């Protein structure tokens with residue numbers, strides 16, 4: 001779909017084709033739900049985690065824009081100049097659970113969700129962590145035990161752990177500037193590119209159908225390679241293991257328990273399949289809450305002076321202290 005625009009926006013409509021490209025993305029990243037289909041990720045009616053304002057120790061308000069920095073080319077500048085030069089939309093800074101400072105560009109606001117892109121992968125990973133901790137998902141099981149539709153794809157023989165670690169042997173080229181790369185083909189199959197009735201070859205479109213076409217090029221577990229398709233397979237596996245769609249899983253297992261203040265949004269492919277690899281949209285403050293929860297070992301205040309666990313601490317310890325095999329594969 002396309003939209004009529006306001007005076008602060010680029011001089012052409014934002015569409016499902018151009019929403020990720022400049023200058024359209026400046027507006028689109030704050031209004032994803034106006035351009036693409038989304039599911040609500042409810043914060044439910046539980047308590048909101050407070051973000052108390054930190055008291056300045058010097059009596060002065062922190063001026064992040066004025067902080068002096070040295071750019072990679074050796075030139076001097078300020079943090080404000082770097083943020084402007086990189087088209088930053090917003091920032092929020094916590095220290096010890098307190099809100100030190102925040103800033104929003106002219107299109108943003110504290111209560112407005114922004115596209116998180118691949119930060120979504122971390123949230124889906126936490127969903128998997130909770131399901132594993134509850135015994136609903138076995139990381140040693142084959143992917144096809146949960147999603148038999150992948151039996152004829154390159155994911156045959158891959159375990160849940162392989163896709164969690166992005167160590168399957170499936171071929172998937174993640175080059176965003178290459179229009180022929182698999183990541184761009186994925187966009188076409190989920191309808192973010194021209195030809196929303198389907199890919200040029202007439203195959204039925206949709207994210208899950210696309211995943212069934214991917215083939216392997218290396219033994220599973222032999223390498224680490226960053227691929228968004230791995231997170232999409234993981235999301236599919238989580239949905240099958242729990243018997244619930246991803247928007248509900250994020251809400252019930254992460255978003256509501258961590259004390260989010262606002263509902264989030266989750267993109268889907270127009271056929272109902274969530275975009276697990278990069279479809280989440282949330283406010284800066286709630287992203288900060290998510291980060292603080294992980295920093296605190298997966299726990300949040302329970303309102304009585306204690307804490308309650310959201311993400312299993314063992315999961316986070318495994319991430320911080322990975323074994324030699326995982327470390328060497330990542331370094332490679």
The listed residue being buried (at least 22 other Cβ atoms within 10 Å of the Cβ), in a strand (DSSP E or B) and under 15 Å from the mean Cα position of the chain (by Cα), out of 234, 267, 249: 267
task: Among the candidates 153, 168, single out the residue that is farther than 13 Å from residue 241 by Cβ, within 21 Å of the chain's Cα centre (by Cα), assigned to a loop (DSSP other than H, G, I, E, B) and modelled with pLDDT of 95 or more.
output: 168
query: In the stretch 242-268, which residues are touching a strand residue (DSSP E or B) at 6+ places or on another chain (Cβ under 6 Å) and either under 25 Å from residue 186 (Cα atoms) or without any contact (Cβ under 8 Å) to a residue 40 or more places away in the chain (or both)?
result: 246, 247, 250, 264, 265, 266, 267, 268
task: Give just the number: which of (1) within 20 Å of the chain's Cα centre (by Cα); (2) surrounded by 15 or more Cβ atoms within 10 Å (Cβ to Cβ); (3) touching a residue at least 24 places away in the same chain (Cβ under 8 Å) does residue 111 not satisfy?
output: (2)
- prompt: Looking at 53, 12, 76, 60, which is the one that is more than 22 Å from the chain's Cα centre (by Cα) and at pLDDT 95 or above?
  reply: 76
- request: Working only within the stretch 137-167, note down all residues that are on the phi > 0 side of the Ramachandran plot and touching a strand residue (DSSP E or B) at 6+ places or on another chain (Cβ under 8 Å).
  value: 157
- request: Go through the residues of the stretch 40-47 one by one and say whether even a single one is under 28 Å from residue 232 (Cβ atoms), touching a residue at least 24 places away in the same chain (Cβ under 8 Å), in contact with a strand residue (DSSP E or B) (Cβ under 8 Å, 6 or more places away or on another chain) and surrounded by fewer than 15 Cβ atoms within 10 Å (Cβ to Cβ).
  value: yes
task: Answer yes or no as to whether residue 131 is under 30 Å from residue 331 (Cβ atoms), in a helix (DSSP H, G or I), in contact with a helix residue (DSSP H, G or I) (Cβ under 9 Å, 6 or more places away or on another chain) and modelled with pLDDT under 95.
output: no
field: residue 300 part of a strand (DSSP E or B) and touching a helix residue (DSSP H, G or I) at 6+ places or on another chain (Cβ under 9 Å)
entry: yes
field: Filtered residues of the stretch 269-281 (kept if touching a strand residue (DSSP E or B) at 6+ places or on another chain (Cβ under 8 Å) and modelled with pLDDT under 95)
entry: none
statement: Going through (1) loosely packed, with under 15 Cβ neighbours inside 10 Å; (2) assigned to a loop (DSSP other than H, G, I, E, B); (3) touching a residue at least 24 places away in the same chain (Cβ under 8 Å) one by one, residue 308 fails only at (2)
Selected residue [over 15 Å from the mean Cα position of the chain (by Cα), touching a residue at least 12 places away in the same chain (Cβ under 8 Å) and either surrounded by fewer than 20 Cβ atoms within 10 Å (Cβ to Cβ) or at negative phi (or both)] from 299, 284, 324: 299
Tally, over the stretch 202-231, of residues that are in contact (Cβ under 8 Å) with a residue 60 or more places away in the chain, part of a helix (DSSP H, G or I) and closer than 19 Å to residue 144 by Cβ: 5
field: Verdict on residue 32 being under 25 Å from residue 247 (Cα atoms), surrounded by 13 or more Cβ atoms within 10 Å (Cβ to Cβ) and in contact (Cβ under 8 Å) with a residue 12 or more places away in the chain
entry: yes
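The values are calculated or read from the model by the stated rules, or taken from the named source; none is laboratory data. Predicted, not measured: the structure shown is a model, and the values here were computed from it. Every residue, glycine as well, gets a Cβ built from its backbone with ideal geometry; the counts of neighbours run over all protein chains shown.
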